[in-house]
1. Provide a single number: the residues in region 243-267 that are in contact with a helix residue (DSSP H, G or I) (Cβ under 8 Å, 6 or more places away or on another chain) and free of Cβ contacts under 8 Å to residues at least 24 places away in the same chain.
2. Give just the number: which of (1) closer than 30 Å to Gln523 by Cα; (2) buried (at least 24 other Cβ atoms within 10 Å of the Cβ); (3) away from the ligand (no atom under 16 Å from the Cβ) does Ile300 not satisfy?
3. Looking at (1) open to solvent by less than 10 Å² (accessible area, probe 1.4 Å); (2) over 30 Å from Leu428 (Cβ atoms), find the lone condition where His31 falls short.
4. Hey, any hits in region 230-238 for a residue that's at pLDDT 95 or above, surrounded by 23 or more Cβ atoms within 10 Å (Cβ to Cβ) and outside any strand (DSSP E or B)?
5. Out of all the residues in region 54-76, is one or more over 24 Å from the mean Cα position of the chain (by Cα), surrounded by 15 or more Cβ atoms within 10 Å (Cβ to Cβ) and assigned to a strand (DSSP E or B)?
6. What is the residue count in region 441-456 for residues that are surrounded by fewer than 24 Cβ atoms within 10 Å (Cβ to Cβ) and part of a helix (DSSP H, G or I)?
7. Which residues, taken from region 85-101, are more than 13 Å from the ligand (Cβ to nearest atom) and polar (S, T, N, Q)?
Amino acid sequence: MPAPPANSILRLFYGPIISPVTPRLAKYLPHALICIDNGTISWIEEDIKHEGELSKVLEAKDIVGCEVTRLRHGQFLMPGFIDTHTHAPQFPNLGRGGQYELLDWLDKLTFPTEAKFGNSKYATKVYRSVVKRLLDCGTTTCCYYSSAHVVGSRILADIVHASGQRAFIGLCNMDRHVPDTYLKGITHDDSLNDARESIEYTLSLKSPLIRPILTPRFAISCSGPLLQGLGDITSEYPEHALRIPVQTHLAENRNEIDFTASLFPDHESYTHIYESHGLLGPATILAHGCYLTEKELKLIKESGAGVSHCPTSNFHLNSGIAKVGEWLDAGVKVGLGTDVSGGFSPSMLTAIQHASIAAKVIAMQTPPVPAKSNGANGHTNGTNGHTNGHVNEETNGHDNNGETNGHTTNGHTNGHTNGINGHSESPLANKPLSIPSLLYLATLGGAQLVAIEDQTGSLEPGKAFDALLVDLRPETGNPNLWWDEHEEGEAGVDKDPGHELQDFLEKFFFCGDDRNIAEVYVQGRMVAGKNGQAV
Ligand SMILES: Nc1nc2[nH]cnc2c(=O)[nH]1
């Protein structure tokens, strides 16, 4: 192994690393050494069991005098969260509006608030705290809707740029069915010009982290000519990667779907409206999708677009429950979104918790499939199609449904068992989501959805170090995380470090908060977290 170039800035961490692999699998590496060179992961040694081995590895790689950050018991590294759907100008409304359904909620609460973002002083104040809050929550990549104002979207782009977050910034396009106090007589041509201006401003920042995204709000608030004009813009910037990505809302709420159908009577489905206006492509984020038909799912899959699952919002606005397992089985790209302020929390941890509950609700409402050969204990392991007595025994013990749950061995791919290749692709539909599935949705799935999986979404050589240093120890001050030192010496307690790491991730997902996010890195730069600094 040649020595690193003289001008490289190396950073080394030794300790536990968790990283997603597929919707079913995660890697748990209790004793890993990760090397970051100028913000990019250059290599990972997956299993270095003791200090002696560590010195030998560093020597073999010609690394001398470089400090190694040793993680403490209770700490681990994981990829940063990717929030694939949120509305920056709706943060002032967080926690309000749960009495409404979507269309009333837009009229009564959301449009009046967004209308204020033509005021640059107000936009600056709110957007500063939005970006800081999201970074402290561990969101290293965020897909933002701004308001319909060019000035506001520029301010958002500037603040994100200064903060070091990776992001997609979209001016929200609309030309109808929005109060004139907000739209102020805007025509589809005005809205298209605003979209171009916002794209050009974002591109002018020349940041490798920030990209523009076209943002037709939804088919109700965009006329046919506006949708078509935006579809045309996707390919107007050939020097900018392949095409400008797109984000919009889709099939979120029953009344919204009916109204949309009445506005576009010639279209066979809601998804078809976007497709026929050139808006469905490999980097199109379709938020919600609670009521997608099989045909629409097929269209989405064929186009390479994907869905942002926003369960907190789907519950809060009484919208519906999305069938994420079915989408994953169909090979559709899926990420998670907080959807502030339809969703009442900016934290992806809340989105993870609600994604888990939503999948369990679907599973509980699905009639049980008769077990085929369940042996003496009454369990079949429908989820992962491979047997690993040790792990099944452990996980069936604390899962609510030994027959069908997804919360079992598939997660236990770790540094010292090589389960990765041994799993069959058993269906995920109508089952609870496992911890690896939740991890995937919040990280790698989001990266694939926005077509940046070659840059981020997992901790792998060649990708940016977009990561969280999670700390579950009592000194972080989160009393919800139970930490029993005595357990460590108790007989009968599973001390396998891979299993312990899966337990840690599960505890973080369900009981953690930003007190447990010690450091947040984007492209190797610490940008937030309890130990760090945000904007
Ligand atoms: N959740 C949600 N759905 C929408 N559909 C159109 N606009 C919105 C919005 O702001 N939030």
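1. 2
2. (1)
3. So the condition that His31 fails would be (1).
4. For region 230-238, residues at pLDDT 95 or above, surrounded by 23 or more Cβ atoms within 10 Å (Cβ to Cβ) and outside any strand (DSSP E or B): present.
5. yes
6. Residues in region 441-456 being surrounded by fewer than 24 Cβ atoms within 10 Å (Cβ to Cβ) and part of a helix (DSSP H, G or I): 1 in total.
7. Scanning region 85-101 gives a single hit, Gln99.
Yes or no, residue by residue, for (1) among the basic types (Lys, Arg); (2) at pLDDT below 95; (3) closer than 30 Å to Val131 by Cβ:
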site: Gly331; (1), (2), (3): no, no, no
site: Phe344; (1), (2), (3): no, no, yes
site: Leu349; (1), (2), (3): no, no, yes
site: Gly375; (1), (2), (3): no, yes, no
site: Gly382; (1), (2), (3): no, yes, no
site: Asn388; (1), (2), (3): no, yes, no
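The values are calculated or read from the model by the stated rules, or taken from the named source; none is laboratory data. Computed from a predicted structure; not experimentally measured. Cβ sites come from the backbone with ideal geometry, for glycine too, and all protein chains shown count toward neighbours. Accessible surface areas use protein heavy atoms only, side chains included; no ligands, DNA or RNA. Shrake-Rupley method; radii C 1.70, N 1.55, O 1.52, S 1.80 Å.
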